[in-house]
Amino acid sequence: MTMESALDTAREQLQRAVDLLGLSENDWQTLSTPRRILEVAVPLRRDNGDVEMYKGFRVQYSTTRGPSKGGVRFHPSIDMDETVALAMLMTWKCALTNLPYGGAKGGIAVDPKDLSERENERLTRRYTSEILPIIGPERDIPAPDVGTDERNMAWMMDTYSVNAGYSVPGVVTGKPIVLGGSLGRTSATGDGVVISSVEALKARGINPAGATVAVQGFGKVGYWTAIGLENLGLKVVAVSDVNGAVTGFSSVADLWKYFTDHGNLNMPGTDAMTQEELLHLEVDVLIPAALSDAITEKTAVGIKAKIVVEGANAPTTPAGDRILIDKGILTVPDILANSGGVIVSYFEWVQDKQNYFWSAEEVKSNLNEIMMRSFKEVENTATTKKVSWREAAHMIGVGRVAEAHKLRGLYP
């Protein structure tokens, strides 16, 4: 469980956006209520023959602007409240970037490290069969998230396709290239964080070349963010994984090679530090790219970074956010900063529907265009409305969903 309720945080952010937009109580009731919630029992036959039961979830928060879209998370601490919160954030994220989607989220309360590959496959396929009635390329399109990857998406796509009687590549995104995946999808979330970091530095009048960065997390988001920033000439001075943080490495590429070879960050010549010490480094940019609730009322006090760019979902609690604002630290919110993943997932979905695939250069160019447009909209709204960047991002996203609700009306 997270230290503070992710759902309480998401609802507080929504309430603030509703108030700033001057929306009605009817709007609040509509916007604060998930469209569909499904909890399923997922049995798994272990390799030794034992059968264990796991809880699985799928929340379709909104389908007003299109089919719902969101990741599948395998993590022991997930529960329904967290899944609803993440589906809510995905709804505003898709609207903010103007993708024709609503938000969704799902997953299983399991530690994938405790599963063999065959057990992981059986669990993924059974979960897919349990949520099968509510997913599909025109209904709800899952994607990888914490604890899942392109293998899980291949198994999900195959399970859905076997039941349909024909191949349906568009039912999930984040698939292997050979099964209809998109070039650029693996690094997409990190690429979006890179764009957000560089543009935030420019917005603060800081030259990105040589700017210092600390990255909390060295997984799918943290690694691609760190290597992308380093390739652009920024100086990544510290990174962390679940076991702690290090500084003093010569390059992210060298550290990654050691990490993949040895399974830890304790490369000779580096200096170890705690997660909290990483958060409190005096750097230009701090990027929380691990799990939620990294920046709390306790940890925010010691943050010295000029800019926080949220690579993870909901890494900052409301109390932590207020402290960052009081300290004059610019925070690029998660629904903007880490939206690269869902943007390129949208590209993959479009390519699957058309059976026409783009080059890596086309994917990068289109990602950059949408990220830059969304970034400028948030920056301009924050300036003109005199609100924080988080408030601006939520005002845009929530406002678009509210407008879509009004235009569609209420049936019957």
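Helices that extend 18 Å or more along their long axis by alpha-carbon positions and average at least -1.0 on the Kyte-Doolittle scale are, among the DSSP H runs of the chain, 6-21, 80-96, 150-164, 188-203, 340-354, 360-385, 389-408. Dipole size of region 188-332 about its Cα centre, with +1 on Lys/Arg Cβ and -1 on Asp/Glu Cβ: approximately 280 debye, rounded to the nearest 20. Remark: region 286-379 carries a charge dipole of roughly 320 debye about the Cα centre, counting +1 on each Lys and Arg Cβ and -1 on each Asp and Glu Cβ.
Both radii were evaluated on the Cα set of region 188-332; the Rg over Rh quotient, with Rh as the Kirkwood radius, amounts to 0.94.
A full extension of the chain between N355 and L407 corresponds to an added length of 15.5 nm, given 0.36 nm per residue minus the alpha carbon distance. What pairs from K105/K298; K69/K385; K306/K376; K304/K364; K306/K386 go past 21 Å between their alpha carbons? Distance filter (> 21 Å) returns K105/K298; K69/K385; K304/K364.
Every helix of 4 or more DSSP H residues in the chain counts as -39500 (n - 2.57), and over all residues that averages to -14500 deg cm²/dmol at 222 nm. Label separation (R151 vs D81): 3.3 nm, computed from points 7 Å beyond Cα along the C-beta direction.
Choose one answer from E297, E117, E39: the residue with the largest mean-square fluctuation in a GNM of the chain with alpha-carbon springs under 10 Å. Of E297, E117, E39, the Gaussian network model singles out E117 as fluctuating most.
So the label point goes 7 Å from the Cα of E282 along Cα→C-beta, right? Which residues of region 195-217 then have their backbone N under 14 Å from it? Counting only backbone N, you get 212. A simple spin-label model places pseudo-atoms 7 Å from Cα toward Cβ; at K376 and R118 they are separated by 5.6 nm. For Y54, nonlocal amide neighbours, meaning residues 5 or more places apart or on other chains whose placed amide H falls under 5 Å from its own, are V42, L44.
Using the Cβ-Cβ distance between D111 and D326 with R0 set to 41 Å, the FRET efficiency from 1/(1 + (r/R0)^6) comes to roughly 0.65. A straight Cα-to-Cα reach below 24 Å connects K257 with the lysines K113, K220, K235, residues fewer than 8 places away in its own chain not being considered. In order along region 34-44, phi translates into HN-Hα couplings of x, 6, 8, 10, 10, 10, 10, 8, 10, x, 10 Hz, rounded to whole numbers, per the Karplus curve 6.51 cos²θ - 1.76 cosθ + 1.60 with θ = phi - 60° and x for Gly and Pro.
With the charge dipole of the chain set up from +1 on Lys and Arg Cβ and -1 on Asp and Glu Cβ about the Cα centre, the Cα lying farthest toward the positive end among the listed residues A164, L330, Y258 is that of A164. Placing pseudo-labels 7 Å out from each Cα toward the beta carbon at K298 and E25 gives an inter-label distance of 3.9 nm.
For the chain, the dipole from Cβ point charges (+1 on Lys and Arg, -1 on Asp and Glu) about the Cα centre works out to 1020 debye, to the nearest 20. Can you work out the base-10 log of I(q)/I(0) for region 303-412 at q = 0.12 1/Å, using the Debye formula on its C-alpha atoms alone? For the requested q values the scattering log ratios are -0.55. Summary of the geometry: region 232-285 and region 37-95, compared by the centres of their Cα atoms, lie 31 Å apart.
Every number in this text was worked out from the coordinates using simple rules, so none of it is lab data. These numbers come from a predicted model, not from an experiment. No Cβ is skipped: glycine too gets one built from the backbone with ideal geometry, and neighbour counts run over all protein chains shown.
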